[in-house]
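Just below is one structure, and these are the notes that go with it.
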Amino acid sequence: MKALKLMAGGAALFAAASVAHAGTTFDAVQKRGYVQCGVSTGVAGFSIADSKGKWTGLDVDFCHAVAATMFGDASKVKFTPLSVQQRFTALQSGEVDLLSRDTTQTITRDTTLGLIGTGVDFYDSQGIMVKKASGVKSAKDLAGATICLQPGTTTQLNLADWFRANKIDFKTVVIDKLDEALGAFVAGRCDAYSTDKSALAALRTTLANPDQYVILPENFSKEPLGPMVRQGDDQWFNVVRWTLNAMLEAEEYGVTSKNVDDELKSANPNVQRILGVTPGIGKGMGVDDKWAYNIIKQVGNYGEVFDRDVGKDSALKLDRGLNAQYHDGGIQYGWPIR
C-alpha cells in the first residue's frame with residue numbers, strides 16, 4: 001500500500017511538472033504585448049541606436065528573437081539603455097524583463113542578486129588597448145602604467161589578479177561613464193584602457209584614427225557573456241534560454257532566414273522539431289509551435305546574427321573564434337530541441 005501511495009504521489013508530481021505554469025514575468029510580457037529589454041548604452045556591434053532611434057547589434061537581435069518566440073513578431077520589443085551601474089537594479093526592480101547586454105555570467109551574480117544567466121551568446125575575454133605610438137607590445141610592458149576602466153564590473157579584479165601574479169605594479173583610474181573613461185584614455189590621462197575585447201574592438205571603430213590603437217594579445221579572464229532574467233519564473237527563463245538554443249541549433253543544421261521555408265519540407269527529424277513541423281514543441285513553454293521558425297525567419301540563426309552584427313559582414317569583423325560551432329573549432333553548442 002505504501003509503495004502504491006509513493007507511486008501515485010510520484011505520478012502526481014510528474015504530471016504537475018509536465019504542465020506549463022505561467023509565471024509573473026511571462027504573464028506580464030504576454031499581457032503587455034511586447035518585451036522590455038535592457039541593453040547597453042551604446043556599444044557598436046552589440047547594442048547601439050542610430051539617429052532615428054533604431055537599435056541594432058547582437059544583443060538587440062537577441063531581444064528581437066525573444067519577441068519572435070513570445071509573439072511570432074520580432075518587432076514587439078522596446079529597449080531600455082542601461083549603464084553598468086543600472087543594469088542589475090533595472091532587472092531586479094522589473095523595469096526590464098530581460099537583460100541583454102555585455103554581462104558576464106558568474107556564480108556570485110547567479111546566487112546573490114536574485115538573477116540568473118540563461119546561456120552564453122558570446123564567449124569573450126578581457127583585454128587592454130594602448131596607443132600604437134607607445135610601442136607597448138604586451139601587458140608585461142605596462143609596469144607602473146595607469147589604466148582607465150569603469151566601476152561595477154569584473155574588470156578591475158581581473159587586472160589586479162593578473163598583474164599581481166606577474167609581479168607588476170599598475171594604477172587604475174575608475175570613471176563611471178564609458179565615453180568619459182574612453183575619452184580620458186584618448187586624452188592621455190591613462191596609458192591604457194581595459195574592458196572586454198569585443199567592446200574594445202567596437203570602441204576602437206568610434207575613434208578618430210582607429211589604426212592608431214592596438215589591442216594587446218593577453219587574455220585576462222574568461223568572459224562568458226549572455227542574457228539574464230529574474231529568478232523564480234521558470235517559464236520565462238525557459239523562453240529566453242531556448243530562444244538562444246534554437247538559434248544555435250538552426251545554424252548547426254544549416255537552417256537560415258533564406259532557406260527556412262524550404263526546410264519545412266526537410267526529412268530530418270531534428271529540423272522538423274525545430275521548425276514546429278512536429279507538433280508539441282512549443283506547448284511546454286506556452287508558445288506557438290512555430291516559435292523557432294519565427295526566430296529564424298525574422299531574425300536569423302546564430303551565425304547570421306553574428307556575421308551581421310560583429311563578424312565578417314560588420315565594421316568590427318571579429319573572427320568567430322570560440323563562438324564558432326563546436327564542429328568548426330569553437331565551443332558554441334546548441335542544446336537539442338526534442
Quick one: how many residues across the stretch 87-137 are surrounded by fewer than 17 Cβ atoms within 10 Å (Cβ to Cβ) and assigned to a loop (DSSP other than H, G, I, E, B)?
7
In this structure, does Ile147 turn out to be assigned to a loop (DSSP other than H, G, I, E, B), farther than 30 Å from Val287 by Cα and β-branched (Val, Ile, Thr)?
no
Residue count for the stretch 42-78, restricted to those that are small (Gly, Ala, Ser), closer than 20 Å to Met247 by Cα and surrounded by fewer than 24 Cβ atoms within 10 Å (Cβ to Cβ)
3
Out of curiosity, is Ile331 of a type in the set (Val, Ile, Thr) and over 25 Å from Val43 (Cβ atoms)?
no
Looking at the structure I just gave you, is Glu251 over 28 Å from Ile107 (Cβ atoms), assigned by TED's automatic domain parsing to the domain that holds Arg101 and not in a loop (DSSP other than H, G, I, E, B)?
no
Tally, over the stretch 63-74, of residues that are free of Cβ contacts under 8 Å to residues at least 40 places away in the same chain and over 30 Å from Pro151 (Cα atoms)
2
Could you tell me which of the residues Val240, Val174 is crowded, with 22+ Cβ neighbours inside 10 Å and out of contact with any Lys or Arg (no Cβ under 6 Å at 6 or more places or on another chain)?
Val240
Would you mention how many residues in the stretch 170-191 are touching a Phe, Trp or Tyr at 6+ places or on another chain (Cβ under 7 Å) and closer than 17 Å to Ser138 by Cβ?
1
Is it true that some residue in the stretch 130-145 is in contact with a Ser or Thr (Cβ under 6 Å, 6 or more places away or on another chain) and touching a residue at least 40 places away in the same chain (Cβ under 8 Å)?
no
Mind checking which residues of the stretch 215-228 are among the aliphatic types (A, V, I, L, M), closer than 23 Å to Asp309 by Cβ and over 16 Å from the mean Cα position of the chain (by Cα)?
Ile215
How many residues does the stretch 292-338 hold that are assigned to a loop (DSSP other than H, G, I, E, B), within 16 Å of the chain's Cα centre (by Cα) and in contact (Cβ under 8 Å) with a residue 40 or more places away in the chain?
8
Kindly establish whether Ser221 is surrounded by 15 or more Cβ atoms within 10 Å (Cβ to Cβ), among the polar types (S, T, N, Q) and in a loop (DSSP other than H, G, I, E, B).
yes
Write out, first by first residue and then by second, each pair whose Cβ atoms fall under 7 Å of each other, whose residues are 6+ apart or on separate chains, and whose first residue, in the stretch 234-263, is under 15 Å from Gly282 (Cβ atoms) while the second is polar (S, T, N, Q) and part of a helix (DSSP H, G or I).
Trp236/Thr25; Val239/Thr69; Thr243/Thr69
Please tell me if Ala267 is of a type in the set (A, V, I, L, M) and not in a helix (DSSP H, G or I).
yes
Does Lys132 fit the bill of being charged (D, E, K, R), touching a strand residue (DSSP E or B) at 6+ places or on another chain (Cβ under 7 Å) and farther than 30 Å from Leu82 by Cβ?
yes
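The values are calculated or read from the model by the stated rules, or taken from the named source; none is laboratory data. None of the values given here were measured: they were computed from a predicted structure. Neighbour counts run over all protein chains shown; Cβ positions are idealised from the backbone, glycine included.
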